[in-house]
Amino acid sequence: MTMTKWVYGFGGGSADGDASMKNLLGGKGANLAEMSSLGLPVPPGFTITTEVCTAYYENGQAYPADLESQVEAALGKVEGIVGKAFGDKSNPLLVSVRSGARASMPGMMDTVLNLGLNDETVEGLAGLSGDRRFAFDSYRRFITMYSNVVLGVGHDAFEEVLDETKDRLGVSQDTELAAADWERVVGRYKQVVLDETGAEFPQDPKAQLWGAVSAVFASWMNDRAKFYRRMHDIPESWGTAVNVQSMVFGNMGDTSATGVAFTRNPSTGEAKLYGEFLINAQGEDVVAGIRTPQALTKAGREEMGETKPSMEEAMPEVFAQFRDTVGRLERHYRDMQDIEFTVEQGRLWMLQTRNGKRTAKSALKIAVELASEGLIDREEAIQRVEPQALDQLLHPTLDPKAPRTVIAKGLPASPGAATGKIVFDSDEAERLGQLGEAVILVREETSPEDIHGMHAARGIVTARGGMTSHAAVVARGMGRPCVSGAGGVHIDDKAGQFTASGQTFKAGQIITIDGSTGDVIEGKVAMIEPELTGDFQTLMAWADAARRLKVRANAETPLDASTARGFGAEGIGLCRTEHMFFDDTRIAAVREMILADDEAGRRAALAKIEPFQKADFVELFKIMAGLPVTIRLLDPPLHEFLPHNEEDVKAVAAATGLDADKLMSRAKALHETNPMLGHRGCRLGVAYPEIYEMQVRAIIEAALEVKAETGEAPLPEIMHPLVAKGQEMKFLRELTDRVAEAVFADRGDRLDYMVGTMIELPRAALRADDLAEYAEFFSFGTNDLTQTTFGISRDDSGRFLQAYLDKGIFEHDPFVRLDPEGVGDLIKIAAERGRKVRPNVKLGICGEHGGDPSSIAFCEGAGLDYVSCSPYRVPIARLAAAQAALSARSGTEREKDR
Ligand code: PEP
Ligand code: MG
């Protein structure tokens, strides 16, 4: 039987692992191994694998039996390389113990430094270093950190002792304490530990080591780490590795230092070494912000207007070695590196390197420049930029340097930032908007009747509702920043105010929202405007050349449509015609149509709506200039268009001359218990064909008019929603063709159009072959398809989904990321069965998933023809589609190689 290798050593110019072993060794461990093998100065150590973490949690927090002996052996090797012994009185080896997961989780988990110090080894360290003050300073740091991380003793008790000591001595700086002072502080710290824990501070270095290792594994499950994982989609099952590494000291006097560096600027991408360091300090001092760090380079110092010397000036020789080393690392990893280092008495040590986190702007610049430098090719440059991050560039964003006071948090429903006056009512929002005022619409939730208010507002906040709630979907479509489901916002409509974080905010007061984080912020915050030229254009052009999937937009207004084209949309994948019904100037006719007693009455009202619809389509066709435009016929249940309360009813009655009682009773009659599964979608067209007839006529006439005017024929794709059965599709196809032919005959001209269906119901997917007899295209409406596959209401999921996410039953919200198994299977089945009957059936997706990168990757795999998403997600989708195509291609190449 082969033994599992749980421990991987590194140092002394070689290593058991390498950079490719991130899954097993974590990012830090893998890169320490790689740097060792490259011959760089890395303090020797070893990595306990992520598999140990997984095994630890699977076995009731017990370690594998042979772990201890493997750790002993690895520790022995480290002792051999550095010529010191762990726990030795005169020549002690000290180590650091740090976490290191596959994906970096900065600051989320625990670290212990100076481990191995006790009452005896501290004397050894004093002798070795010739600096007693340094030795006891290190010991007290170790006691604080270890007690905090492993024994759960808070910092406060130690701070108190230190403050008291400084007061007594009449000094203000730690640096003013002498060796004997630190020695006394250590004595009192040990008493603190005894008082707080009821046990002596552990003196056995081995016990210290296992305590720290266990604490690191435990920190994988702390609340911070769990929250971070959820935010960044890191599975719990990955586990963390633990790195045990011999200590080097940046706090051994003025020839010692510690610092962090980026090989390029992480916020602008500029190709200049960037970073900070502190002389005579240990790693945590840089992070803790107690002392102000100095710049690494002379240029950096001058840029910051600092006077304290840079590392380049203060330590020119070590700096030269450092600059060479990090340049080598960047070329080796072919990416911008984020580096930690220490200088111990003039000698450079590399403690960490990893691909640096960066802003979207910086990511673009670095990818494009690395490609022009020949370090990576264009395909790799495309893969280097996270599509979602482009979002930062498409909307004005909050200046990250500006201070902010968050008063409530909700879902990041539609990205971008906005500042404006609080308004609770959509009419008021519109009125103020027309006066040129910036307003933020704050609602319990929104309904289609709020469209005008949402349009007039700079941003939207709702107290209820999820990522696919009305507010979220519509706001994303409009490119309005939106925070939905901000449960901490308690609205009192009558009083014209809301409370949040214990404060009251009245209508007219200024707030700011960040739709990319879900923050609702008091007052105004400084913003930065987007810039879509240069590196952005270059990378997008490369992406367009690499992708197979077409990218369209969900748009119904001319503004949305032209925004979408500006962002590179190749057509409209979903025009929701009901949004055109809600317009103020049309709603009266729409209500008249709904209230009509018979077909004749409905037709009369529809005749009033028809010219508006036609005019809308004319505009859309012109903007799209021959690109396909998918127009979906009326979808929502009719009662959504009716006034709901008595006040509204009276207003409508007055405006239309209709009878108020009749209006009210009709509204009641139309009420449905479960409208999502009720009289909506093509069921409206089946029951009242005259509605769909009007819409088809408006579409075809508009198309012919645009053709006559511009000489270019539009490409209308007429789409029927919520179809379940072949017979339904047959009826709808015949209706559509009949009306179109009548228009052609009437106008003496014709053009190509297509008739298709949405696939939003499991039955439609399963019987796609029946539908394909009559449908020339399928567009997967994955909002409804997810809803109907799971049987989870898309509007109510927010209330309980979190429990599913917390318990790991769902890894992701299926309304945000396409469920590749259930919903995905239905899509694959539909594609296959549809193609069997109609091999060239056009396939697309127009649910919210059409703008989600991982869902786009699924669509690439399923062989769809296009994805359609809200205008502001078009660039994200273009990049994600390119990445999906490249991954699919390299996957096939790997297959071929086998
Ligand atoms: C869908 O169901 O995915 C869809 C695009 O239609 P809607 O969101 O309008 O129901
Ligand atoms: Mg739908």
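Rule-based calculations on the coordinates, nothing more; no lab input. Owing to the predicted nature of the structure, the values given are computational and were not obtained by experimental measurement. Don't worry about glycine lacking a Cβ; one is built from the backbone with ideal geometry, like all the others, and counts go over all protein chains shown.
What the table below lists for this structure:
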read-out: Which of PRO689, LEU658, HIS671, positive extreme of dipole for the stretch 643-729 (C-beta unit charges); value: HIS671
read-out: Pair-distance profile P(r), taking every C-alpha pair of the stretch 472-592, with 5 angstrom steps and integer %; value: 2, 8, 12, 14, 14, 15, 14, 10, 7, 4, 1, 0
read-out: Length released on extending from ALA271 to LYS357, taking residue separation times 0.36 nm less the Cα-Cα span; value: 29.5 nm
read-out: Order of ILE510, ILE440, ILE856, ILE609 - criterion: other Cβ atoms within 10 Å of each residue's Cβ, fewest first; value: ILE510, ILE609, ILE440, ILE856
read-out: Debye-sum result for the chain in log10 I(q)/I(0), which assumes one identical scatterer on each alpha carbon, at q = 0.06, 0.10 Å⁻¹; value: -0.52, -1.15
read-out: Normalised contact order of the stretch 712-849, rounded percent, pairs of Cα under 8 Å and 6 or more residues apart; value: 29
read-out: The stretch 532-625 - percent relative contact order, Cα under 8 Å, separation 6 or more; value: 26
read-out: P(r) weight above 17 Å for the stretch 694-758, C-alpha pairs, percent; value: 39
read-out: Cα-based equivalent ellipsoid of the stretch 1-115: semi-axis lengths in Å, sorted from largest, via gyration tensor; value: 22, 18, 15
read-out: Proxy reagent accessibility, fewest Cβ within 10 Å first, across TYR63, TYR274; value: TYR63, TYR274
read-out: Size of the stretch 577-650 as Cα extents on the principal axes (Å, biggest first); value: 45, 26, 20
read-out: Ellipticity estimate at 222 nm from DSSP helix runs (n ≥ 4, -39,500 (n - 2.57)) divided over the chain, nearest 500; value: -14500 deg cm²/dmol
read-out: Taking only Cα atoms of the stretch 352-454, radius of gyration then Dmax in Å; value: 19.7, 57
read-out: Neighbour-count ranking [beta-carbon atoms within 10 angstrom, fewest first] of ILE528, ILE511; value: ILE528, ILE511
read-out: Among TRP182, PHE731, ASN280 the positive-end extreme of the charge dipole of the chain (Cβ point charges); value: PHE731
read-out: Net charge of neighbours whose Cβ lies under 11 Å from the Cβ of LEU194, counting Lys and Arg as +1 and Asp and Glu as -1; value: -1
read-out: Per residue, the convex hull volume that the Cα atoms of the stretch 224-279 enclose (Å³); value: 156
read-out: Principal-axis tilt of helix 874-897 within the chain, Cα atoms, nearest 10 degrees; value: 70
read-out: Radius of gyration and Dmax over the Cα atoms of the stretch 64-218, both given in Å; value: 16.3, 53
read-out: Spin-label model distance (nm) - GLU200 vs GLU317, 7 Å beyond Cα toward Cβ; value: 4.5
read-out: Folded to 0 to 90 degrees: helix 360-372 orientation relative to the chain principal axis, Cα; value: 80
read-out: Lys/Arg +1, Asp/Glu -1 at C-beta; the chain dipole; positive extreme among LEU627, THR47, ALA320; value: LEU627
read-out: Descending semi-axes in whole angstrom, ellipsoid equivalent of the stretch 635-700, from the Cα gyration tensor; value: 24, 17, 9
read-out: Reciprocal mean inverse distance between Cα atoms of the stretch 205-340 - Kirkwood radius, Å; value: 17.3
read-out: Modelled FRET efficiency - R0 60 Å, ASN23 with GLU709, Cβ distances, 0.05 increments; value: 0.50
read-out: Coordinate range along principal axes, alpha carbons of the stretch 126-241, Å, largest first; value: 50, 30, 29
read-out: Degrees separating the helix 599-624 axis from the principal Cα axis of the chain, which is the longest one; value: 50
read-out: Cα centre as origin, Lys/Arg/Asp/Glu Cβ charges: the chain dipole, Debye; value: 1300
read-out: Mean separation of Cα contacts under 8 Å (6+ apart) over length of the chain, as relative contact order %; value: 8
read-out: Net charge over other residues, Cβ less than 12 angstrom from the Cβ of ASP796 (K, R count +1; D, E count -1); value: +1
